[in-house]
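Asks: What follows is a structure written as structure tokens; I'll ask about it next.
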Amino acid sequence: MGCMKVRPIFILFCVIKTMDMLKNTFSTVSKKPFKVLFFIFLSTVIAVSSLITGVLAYFAVIEFPINGSTSLITGGGLCFLFLLLSRGFYTLQNWARTSFISILILILLIILVNETFKFSSAVFAGKQVLSIFEILKYLGQFLFKLILSGVIPSALLYFLYKAEEDFSETPQQRHLFDRTIKNFLLSTALSSILIVIFIFAFTLQESQLAIKDIGLEELLTGTIWRPGSIISNDIAQFGLVPMIVGSIYSTIGAILIGIPLSFGTAILLAEIAPDFLRTIFRTAIELLSGIPSVVYGLFGMVVIAPLIRQIPAEGNTTGFGILNASIILSIMILPTITNITEDAIRAVPASYREASYALGATHWQTIKDVVIPAANSGIIAAVILGISRALGETMALIMVIGNSIAIPTPVNDNPLSIIFSTARTLTGNIAVEINYAAGAHRSALFFTGVLLFLFLLIINRLANRIMKGTKKI
């Protein structure tokens, strides 16, 4: 009963305060531009309407998506917000204009998204394929509804934009706006860090079962991967060493093949090639970066594997293995390393080259002794991204590396014949087995993801150390 008495009193209090604010707002008569008076009136009407709607929804007089105390709080909050905007318009404050513009832009975005979903549902969600005339019909309806729904917010936005000279902004408000933008940009930058942290935390959490039941020693030092609980009645073994070795071998092979090709291409594009030739090469490299991984895998299966089988080496029978994977990975990392290296070389000031030429150095000597050392930070960053790209590749490697869960060994007496050995990578192990994994097996696959995170972290730290060392030199 006490609660029922308090609520009407609270509502009456809100109404009295609202009327008081309205009285204070319009108590002083002053000559204002028509556009300003219009937005004062509009903000006040929205404020009063929000409060009345919240009260009526609270007493269930009208149907509303929210009701009860939530509707009352929402109506009161909107009432206070728009009364504040009305007061800001009355005093010609620029923050009121900026806030109302932001609200109108948000409304236009909501209208656009809503109408786009309706159009997509009508065109793509049917059981039959629509004819071109039906699609054009729905497109016309979509544009008509979009224009009809957005004409009022657009007109208000236009009038507010044109009314800029009628409003004033204090230095404190200007600095507040700058700080708001700065904090917003900071939050967007921090979001990427938070996403990485959340992904790592999720992966680590999912791997706790494997760490507890299997143990880190077995996972990190075991040489046999045999999830016996899934494929047989044997004791399950979850040694990740074969996949770690396979990932390292394929990545090293890709770097050994890819780095010289990428560096040579980057130097050609940045320092030597004429414009028409540079355009042709850059277009080809950009196309390489857009080819899907599965296409690279098919290329390795159909083209590279038969060529490797032609190599006269004992034990080289399939053409699938570390060499095939290294060749495919070197092609896949070539656009990344080439583009970043070219940008780093182009960023070297022209005065460095001119000083080198003034001392009598040739073009190649200038590139080798001046330009490349000056661009070493960017070049190292390119190599790091290339290694990360190679470590993270999955589909193409599944198709060409052979997917053997044994530690790669030479196929004959020659130690170098290990390049013909089949292997499996950490990413490939996850992709091949995650669909049917359960229990400790599934958790061990998540631990594989944790290892990949740690590998990339180690590579980045080593690269930072290298770059610091080169700067000191």
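Asks: Quick check on the stretch 191-204. Is at least one of its residues in a loop (DSSP other than H, G, I, E, B), of a type outside the set (A, V, I, L, M, F, W, C), farther than 27 Å from A423 by Cβ and free of Cβ contacts under 8 Å to residues at least 60 places away in the same chain?
Replies: Taking the stretch 191-204 as the starting set, the residues that turn out to be in a loop (DSSP other than H, G, I, E, B) are none.
No - not one qualifying residue is present in the stretch 191-204.
Asks: Does at least one position in the stretch 279-291 carry a residue that is surrounded by 15 or more Cβ atoms within 10 Å (Cβ to Cβ), in contact with a Ser or Thr (Cβ under 9 Å, 6 or more places away or on another chain) and of a type in the set (G, A, S)?
Replies: Looking through the stretch 279-291, none of the residues is surrounded by 15 or more Cβ atoms within 10 Å (Cβ to Cβ), in contact with a Ser or Thr (Cβ under 9 Å, 6 or more places away or on another chain) and of a type in the set (G, A, S).
Asks: Within the stretch 325-348, identify whether any single residue is within 18 Å of A382 (Cα to Cα) and in a loop (DSSP other than H, G, I, E, B), and answer yes or no.
Replies: yes
Asks: Which of the residues belonging to the stretch 299-313 are within 18 Å of S330 (Cβ to Cβ) and not aliphatic (A, V, I, L, M)?
Replies: Scanning the stretch 299-313 gives F299, G300.
Asks: Can you run down the residue pairs with Cβ atoms below 8 Å, 6 or more apart or on separate chains, where the first is in the stretch 290-317 and touching a residue at least 24 places away in the same chain (Cβ under 8 Å) and the partner is among the hydroxyl-bearing types (S, T, Y) and assigned to a loop (DSSP other than H, G, I, E, B)?
Replies: Short answer, once both residue conditions are applied: S293/T394; A305/T318.
Asks: State whether one or more residues within the stretch 382-396 are within 30 Å of I272 (Cα to Cα), hydrophobic (A, V, I, L, M, F, W, C), in the same structural domain as I267 (by TED's automatic domain parsing) and touching a Leu at 6+ places or on another chain (Cβ under 8 Å).
Replies: Of all residues in the stretch 382-396, those within 30 Å of I272 (Cα to Cα) come to 382-390.
Restricting the remaining residues to those that are hydrophobic (A, V, I, L, M, F, W, C) gives 382-385, 387, 390.
If we keep only those that are in the same structural domain as I267 (by TED's automatic domain parsing) as well, we get 382-385, 387, 390.
Still in the list and also touching a Leu at 6+ places or on another chain (Cβ under 8 Å): 390.
Checked the stretch 382-396: at least one residue is within 30 Å of I272 (Cα to Cα), hydrophobic (A, V, I, L, M, F, W, C), in the same structural domain as I267 (by TED's automatic domain parsing) and touching a Leu at 6+ places or on another chain (Cβ under 8 Å).
Asks: Restrict the check to the stretch 440-455 and report whether at least one residue is in the same structural domain as V245 (by TED's automatic domain parsing), in contact (Cβ under 8 Å) with a residue 60 or more places away in the chain and in a loop (DSSP other than H, G, I, E, B).
Replies: Among the residues of the stretch 440-455, not one is in the same structural domain as V245 (by TED's automatic domain parsing), in contact (Cβ under 8 Å) with a residue 60 or more places away in the chain and in a loop (DSSP other than H, G, I, E, B), which makes the answer no.
Asks: Same structure again: I'm checking my understanding of the structure. Among residues of the stretch 43-85 that are in contact (Cβ under 8 Å) with a residue 40 or more places away in the chain and under 19 Å from S99 (Cα atoms), which one is surrounded by the most Cβ atoms within 10 Å (Cβ to Cβ)?
Replies: Across the stretch 43-85, the extreme among qualifying residues is C79.
Asks: Could we say that G246 is touching a strand residue (DSSP E or B) at 6+ places or on another chain (Cβ under 9 Å), crowded, with 20+ Cβ neighbours inside 10 Å, within 23 Å of I405 (Cα to Cα) and assigned by TED's automatic domain parsing to the domain that holds F420 here? So that I can check it myself, show each step before the final result.
Replies: Working: touching a strand residue (DSSP E or B) at 6+ places or on another chain (Cβ under 9 Å): yes; crowded, with 20+ Cβ neighbours inside 10 Å: yes; within 23 Å of I405 (Cα to Cα): yes; assigned by TED's automatic domain parsing to the domain that holds F420: yes.
The answer is yes for G246.
Asks: If you don't mind, there's one more thing I want to ask. Give just the number: which of (1) buried (at least 16 other Cβ atoms within 10 Å of the Cβ); (2) assigned to a helix (DSSP H, G or I); (3) more than 23 Å from the chain's Cα centre (by Cα) does A361 not satisfy?
Replies: Condition (2) is where A361 drops out.
Asks: Anything in the stretch 249-286 that is within 27 Å of the chain's Cα centre (by Cα) and either under 18 Å from A325 (Cβ atoms) or not assigned by TED's automatic domain parsing to the domain that holds I328 (or both)? List them, or say none.
Replies: First pass over the stretch 249-286, keeping only residues within 27 Å of the chain's Cα centre (by Cα): 250-251, 254-255, 258-259, 262, 266, 282-286.
Selection gives S250, T251, A254, I255, G258, I259, S262.
The values are calculated or read from the model by the stated rules, or taken from the named source; none is laboratory data. Note that the structure is predicted; figures quoted are calculated from it, not measured. Note that each Cβ is placed from the backbone with ideal geometry, even for glycine, and that neighbours are counted across all protein chains shown.
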